[in-house]
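Remarks on the structure that follows.
A short reminder: the numbers here are calculations on the coordinates, not readings from a lab. Note that the coordinates shown come from a computational prediction; the quantities given were computed from them, not determined experimentally. Note that each Cβ is placed from the backbone with ideal geometry, even for glycine, and that neighbours are counted across all protein chains shown.
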Amino acid sequence: MEKSNIPLGTIEIYGTEARNRNFVYERLKEVYETFGYEPLQTPTFEFKEVFTGHHGEGENLLFHLQDANKQDLVLRYDMTVPFARFATEHPELKRPIKRYQMQLAYRDDNIDKGHLREFMQCDGDIIGSQSLYYDADVINLAVCGLKKLGFKDFIIRINHRKIIKGIAEELGYMGKKGLLKIQRALDCADKFGKSEASVEDFTKKLKERKFTDFEIERINKVVFKRYDLQRPQELFETLYHNPSVKEGIKELQEILSYLPEEITRYCELDLTLARGADYYTGFILEGILPQSNVGAILGGGRYDNLVKDLGGTDVGCVGMAFGLDRIWVAMQDMGLYPPRTDPKILIFTPDKVDKSIFELANHLRSHSVNTDICCEFKEYSEVEAYARSRDFTGIIWDKKYHSLVEWDEHKKFILSLIK
């Protein structure tokens, strides 16, 4: 395999692929706008201390920099922490603040299909409210966004940090340190999957992390089981009526009670979902495509203490991010990009280019027709091959229109413009 001249985990895209990626970007932007979010952009790099203490093991994936003034910087890991910093520095903004941010993020992580080290994160968050209505609207946003892109078969996995806390308490792990140990164990389970072989691999991993056989048995018994949020007593019985679990289930039921069945039918309670970041405090979610192997295509949750941890006074933060690159790859695999519905015309002249060619091109462009000029070839067959390689829908040669795609309405439209 030929060695690439760009860094591992980065991509270069051109033509139709780039246009498809822009399609995803524009659709997600439209969804955020229709849900009332305001756009925000923040710097590509931040001071190191801004990203310290929030992402747990994820901090090992930070790209570190140092500028000419010897200041320690990092490339932004996500959009959530910069937004919390921004809110902290702008107390004059009326709460709640709803913002969306669609920019590149950077993680020095392992590479996989649709999983890059430089990737586009499309993040929407609300800062300044503890109302669980906003948690419900985040689920609503996730479902509507995926449907807007054309996905029909997807799952929104949900869990709650208080349920994870209850699991930790039942195993005798108290306080933040104990919670983090169980949280990271469950996050590890999520990465292994739920097959019998996966459970065996997960068990080996727990032994490496110094869990006892009893603890491993209890964890496997709890997390690798399907639960129905409409029948929470089964979960209560499994965890001996733990008060933290009760509180977490109560909040999840309230969140789902705000949503119509057309949204909740996509939701499943999954106790292997833990989310790696340490800042989550309540409900968490991830979106997956059962027919695709790209992994989670969205994720987020409630993080009520992050702004306070960054020096602010706000409590009440919730949000989620779409993973544009994974969505882009999955849509290509599943053939979800719509066929071209607008004309793209190549004007070809085998002779000298004169101003009449530019006049015709600009006339088409003035009617919003994607138009290019070419004079590189001698034979029509060469021109046609070139036009098809660039997804042109028609060729104008000596003021005669040659349609490459049979769209009668567009053909009539183009003919009306070149008479």
Checklist entry - What length, rounded to one decimal in nm, is gained on full extension from LYS400 through to THR44, with 0.36 nm per residue of separation minus their alpha-carbon distance? => result 123.2 nm
Checklist outcome for this item: A chain fully extended from ASP112 to SER198 at 0.36 nm per residue, minus the present Cα-Cα distance, gains in nm 29.1 nm
Checklist entry - Once both axes come from the Cα atoms, what is the angle between helix 175-192 and the longest principal axis of the chain, in degrees from 0 to 90, rounded to 10? => result 50 degrees
Checklist entry - Taking θ as phi - 60°, what are the ³J(HN,Hα) couplings along the range 336-342 by the Karplus curve (6.51, -1.76, 1.60), each to the nearest whole Hz, with x for Gly and Pro? => result 8, 6, x, x, 4, 10, 10
Checklist outcome for this item: Filtering GluC sites (Glu not before Pro) in the range 51-111 by DSSP loop and by at most 10 other Cβ atoms within 10 Å leaves GLU92
Item to check | Zone of ARG390's modelled label, taken as backbone nitrogen in the range 369-383 under 13 Å from a point 7 Å along Cα→Cβ | outcome: 370-377, 383
Item to check | the range 235-340: chymotrypsin sites (Phe, Trp or Tyr not before Pro) falling in loop per DSSP and having at most 15 other Cβ within 10 Å | outcome: TYR240
Checklist entry - If you keep only loop residues by DSSP, which GluC sites (Glu not before Pro) in the range 313-419 have at most 11 other Cβ atoms within 10 Å of their Cβ? => result GLU376, GLU379, GLU406
Next on the checklist: Using the crude model of +1 on Lys and Arg Cβ and -1 on Asp and Glu Cβ, and no other charge, please compute the dipole size for the range 1-80 relative to its Cα centre, in debye to 20.
Outcome noted: 200 debye
Next on the checklist: I need the calculated FRET efficiency for the pair LYS378 and ASN69, taking r as the beta carbon distance and R₀ as 60 Å, to the nearest 0.05.
Outcome noted: 0.50
Item to check | Angle between the chain longest axis and helix 196-208 axis [Cα atoms, degrees, rounded to 10] | outcome: 60 degrees
Checklist entry - So what's the back-of-envelope 222 nm ellipticity for the chain, counting only DSSP H runs of four-plus at -39500 (n - 2.57) apiece and dividing by all residues, rounded to 500? => result -12500 deg cm²/dmol
Item to check | For a label point 7 Å along the Cα-to-beta-carbon line of ARG95, residues of the range 136-166 with backbone N under 20 Å | outcome: 136-138
Checklist outcome for this item: Per the rule of 0.36 nm per residue minus the C-alpha distance, extending GLU12 to LYS177 adds in nm 55.2 nm
Checklist outcome for this item: 1/(1 + (r/R0)^6) with r = Cβ-Cβ of PHE224 and GLU57, R0 = 30 Å, i.e. FRET efficiency to nearest 0.05, evaluates to 0.85
Item to check | Whole-angstrom gap from the range 103-144 to the range 368-410, using each part's C-alpha centre | outcome: 41 Å
